[in-house]
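**Student:** I am attaching a structure below and will ask some questions about it afterwards.
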Amino acid sequence: MQRKFVDYITSVTPSNLRAILEVSHLLGYSQIWLGRQWNTKTEDFSKFSDNHSLELVNRLDIDASKVPKEKIVQILRRERRNFPIISVKCSDSEIVGWAAQDNRIDILVFPPHQISKLFTRSIAKLMIKFAKHLEISLSELYLSPERTQIPVFRQIRQALEIAQIKSVPIIVNSGASNQSELRSPYDLASLAQVLFSKKEPPLNSLSTIPTHLLSRNQIKISKDYLAPGIYLAPERDINIQEEE
Amino acid sequence: MKKERVRYLTVRFICQEEVSEKDAWFLLATEVKRLFGVTGASKVGLYLSHFDPQKQGGIFRMSHQSVNLVRASICFITSHHSQPIFIHSECLTGSLKKAKKYLCNVNYHDRYHALKKTLVGN
């Protein structure tokens, strides 16, 4: 079976979305996560995917350095059922500790120059306990100026080492904001392999891990979901049981 | 001595200007050396086996263990003669004959033109 690759795109505008989707489709992606800010109006982008076989998924991105914690709680309460994926970009250790334990958050993102400071072993343990994913956007690495590449490489490598030791699920994507920043999934996997120091390219971080997260959350935000492991049975089944 | 196993990577250069054979080699070799140093580059054993200036495609030969190093280096190439460039790695094969076949494949060629149209605009 062919792999289904997923990529994430930041700061989408309708003007460049068509070109981004065209390039993504040609590069071999089948699902695109579109990053949205909490204060921007949600637009229907489904018409853009008509020409391609791409699946578009809205994702809520909250930048904790711009929004106070109380406001983040409000946003999460309001938007959890509207977005299948919610990520928080953590900028200080207090937010990281809180975000790692909040069940409404799916993905934790760290600034690349602070990742090894914020993503510690204890945070990794919390992330495992509360089923959180760590996201690495590789465009921050390959598009950064040459003089900052070495420290960023080092920081990401250290964080990935901790994530691998503690078995934190890692999502790798481009995090591109325009079409020229996109890279093919195999190129991204190869770059991730250099960072992971693994023998095999981590293709699962670009395909199975994000798709599993999405399918898990789509069940969670469906109307039939009540609590973990408890679902509303279809009416037809109840009638059959009563007859019996 | 055990014979080295090699892989052939077909790449396409998408740029406003046409990329010459010399530039194609220089772009990738410089980036591999910048990222992995002289010792890393020596392990890669990068060699431009074939270049088609009309199709703007090249076939690079490398050691089978360092395919990922070359692919990782491709991610970092963003400009050529102060103009944006996009390098698309098309396919990886074990023989030069097959790599040439892929370079001439109509589907891949159409995809290259579609990418060029979207990225460069002509």
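Please treat every number below as a calculation from the coordinates, not as lab data. Everything numeric here is computed off the predicted structure, so don't read it as measured data. When we count neighbours, we look across all protein chains shown, and the Cβ atoms used for this are built from the backbone with ideal geometry, even at glycine.
**Student:** Nearest 20 debye, what's the magnitude of the dipole of the protein assembly as shown about its Cα centre given +1 on Lys and Arg Cβ and -1 on Asp and Glu Cβ?
**Tutor:** The calculation lands at about 1220 debye.
**Student:** Now for a separate question. As a test of the formula, what do you get for chain A when each DSSP H run with n ≥ 4 contributes -39,500 (n - 2.57) and the sum is divided by the residue count, at 222 nm and rounded to the nearest 500 deg cm²/dmol?
**Tutor:** Result for chain A: -12500 deg cm²/dmol, rounded to the nearest 500.
**Student:** Further question: Considering amide H positions built from the backbone, and no H for Pro or chain starts, which residues 5 or more places from A:Lys89, or on another chain, come under 5 Å of its amide H?
**Tutor:** A:Ile62, A:Asp63, A:Ala64, A:Val109
**Student:** Shifting gears a bit: Rounded to the nearest 20 Debye, what is the dipole magnitude of region A:122-244 about its Cα centre when Lys and Arg each give +1 and Asp and Glu each give -1 at the C-beta?
**Tutor:** Taking the Cα centre of region A:122-244 as origin, the dipole is about 800 debye.
**Student:** Find which of B:Trp25, A:His52, A:Ile219 sits farthest along the positive direction of the dipole of the protein assembly as shown, computed with +1 on the beta-carbon of Lys and Arg, -1 on that of Asp and Glu, about the Cα centre.
**Tutor:** B:Trp25
**Student:** What's the center-to-center distance, using Cα atoms, between region B:64-122 and region B:14-61 in Å?
**Tutor:** 11 Å
**Student:** Then there's this: Just from its helices, what would the mean residue ellipticity at 222 nm be for chain B, if runs of 4 or more DSSP H residues each count -39500 (n - 2.57) and the sum is divided by every residue, rounded to the nearest 500 deg cm²/dmol?
**Tutor:** Mean residue ellipticity, 222 nm, calculated: -15000 deg cm²/dmol.
**Student:** About the Cα centre of region B:54-122, how large is the charge dipole given +1 on each Lys and Arg Cβ and -1 on each Asp and Glu Cβ? Please answer in debye to the nearest 20. If you can, show how the numbers build up before the last one.
**Tutor:** Values: 10 positive and 2 negative charges, 54 e Å.
That gives region B:54-122 a dipole magnitude of about 260 debye.
**Student:** Here's something else I'd like to know. Where the centroid of each part is defined by its Cα atoms, how far is region A:59-119 from region A:170-198 in Å?
**Tutor:** First find each Cα centre; the distance between them is then 22 Å.
**Student:** Run the numbers for A:Asn16 and A:Gln2: contour at 0.36 nm per residue of separation, minus the present Cα-Cα distance, in nm.
**Tutor:** Working it through step by step, the gained length comes to 2.2 nm.
**Student:** With the crude spin-label approximation of a point 7 Å out along Cα→Cβ, what separation in nm comes out for B:Ser20 versus A:Leu226?
**Tutor:** About 7.4 nm separates the two model spin labels.
**Student:** A further question on this structure: Sketch the reach of a paramagnetic label on B:Asn107 as a point 7 Å from Cα along Cα-to-Cβ, and name the residues of region A:194-216 whose backbone nitrogen lies under 18 Å away.
**Tutor:** It comes to no residues whatsoever.
**Student:** Sticking with this one: Compute the semi-axes of the equivalent ellipsoid of chain A, taking the square root of 5 times each eigenvalue of the Cα gyration tensor, and list them largest first in whole Å.
**Tutor:** Details: eigenvalues 176, 106, 72 Å².
Whole-Å semi-axes of the equivalent ellipsoid: 30, 23, 19.
**Student:** For chain A, build the charge dipole from Cβ charges (+1 Lys, Arg; -1 Asp, Glu) around the Cα centre, then report which of A:Tyr186, A:Ala163, A:Ile32 sits farthest towards its positive end.
**Tutor:** The residue sitting farthest along the positive end of the dipole is A:Ala163.
**Student:** Taking every DSSP beta bridge with both residues inside chain A, roughly what % is antiparallel (nearest 5)?
**Tutor:** Looking only at bridges with both residues in chain A, the antiparallel portion is about 5 percent.
**Student:** Same structure again: Among B:Val70, B:Ser95, B:Val11, whose Cα lies farthest out toward the positive end of the dipole of region B:1-100, if unit charges sit on the beta carbon of Lys, Arg (+1) and Asp, Glu (-1)?
**Tutor:** Checking the options against the dipole of region B:1-100, the answer is B:Ser95.
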